[in-house]
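Below you'll find the structure, written out as C-alpha cells, and then a few comments.
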Amino acid sequence: QVQLVESGGGLVQPGGSLRLSCAASGIIFRISAMGWYRQAPGKQRELVATITSGSSTNYADSVKGRFTISRDNAKNTVYLQMNSLKPEDTAVYYCNTKRNSVAYWGQGTQVTVSS
C-alpha cells in the first residue's frame, strides 16, 4: 500500500531553517507528482509546494523565495527546505501524492517557529 513518512519537523526560532523529508513507498515514485501541505490550528489545510515528475515546481505566494521543494528519485524522497522561517509558518506539515486518482497523506510533522 502507499505509505508516506514525514520527518524533520521541530522547534526553530524566527529566521531559522528546517528541512523536511518525506519517504514514499507503494508508488512508482519517479513518475509521481508530490506535494507539501500544512495545517495550522483552527485553519484549513493549505498547499505549500508541489513538484512534478519532471521536477517543475509550484509554490504558495506566502513561501515563495523562502521554501524550496526538491526530490531524489533514487531515494524515493521529497524534501522541503524552509529558510527564513516566520511564526506564521507554524503548522503540521503533510506530504501528499496521488495514485490512480486517489490522494494519499502522511501522518504529518509539526513545525513550530517561536522565540
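The values are calculated or read from the model by the stated rules, or taken from the named source; none is laboratory data. Predicted model only: the values in this text are computed from it and were never measured. Cβ placement follows ideal geometry from the backbone for every residue including glycine, while neighbour counts extend to all protein chains displayed. All accessible areas refer to the heavy atoms of the entire protein, side chains included, with ligands and DNA or RNA removed. Shrake-Rupley method; radii C 1.70, N 1.55, O 1.52, S 1.80 Å.
Rounded to the nearest 0.05, what FRET efficiency is calculated for THR57 and ALA23 with R0 set to 22 Å and r the Cβ-Cβ distance? Taking R0 as 22 Å, the efficiency between THR57 and ALA23 is 0.70.
Distance between the pseudo-spin-label points of ASN83 and LEU11 (7 Å out from Cα toward the beta carbon): 2.6 nm.
Percent antiparallel among DSSP beta bridges with both residues in the chain, to the nearest 5?
Here the antiparallel bridges make up roughly 95 percent for the chain.
When the alpha carbon gyration tensor of the chain is reduced to an equivalent ellipsoid, the three semi-axes, largest first, read 23, 14, 13 Å.
Summing +1 for each Lys or Arg and -1 for each Asp or Glu among the other residues whose beta-carbon sits under 14 angstrom from that of ALA40 gives +1. Just how far, in whole angstrom, is segment 67-96 from segment 1-35 if you go by their alpha carbon centroids? Using only Cα atoms to place each centre, the spacing works out to 6 Å. Pairs of Cα atoms nearer than 8 Å and 6+ residues apart set the relative contact order; for segment 1-80 it is 27 percent.
Measuring nothing but protein heavy atoms, the accessible surface of the chain at 1.4 Å probe radius is 45 percent carbon and sulfur.
What segment 1-77 shows is 56 Å² of accessible area per residue, with the surface traced by a 1.4 Å probe over protein heavy atoms.
As a calculated quantity, the FRET efficiency between ALA40 and GLN1 at R0 = 35 Å, using C-beta atoms, amounts to about 0.75. With R₀ set to 25 Å, the beta-carbon distance separating ASN73 from SER115 gives a calculated FRET efficiency near 0.10. The residue among SER21, GLY54, GLY108 whose Cα reaches farthest toward the positive pole of the charge dipole of the chain, with charges on the beta-carbon of Lys, Arg, Asp and Glu, is GLY54.
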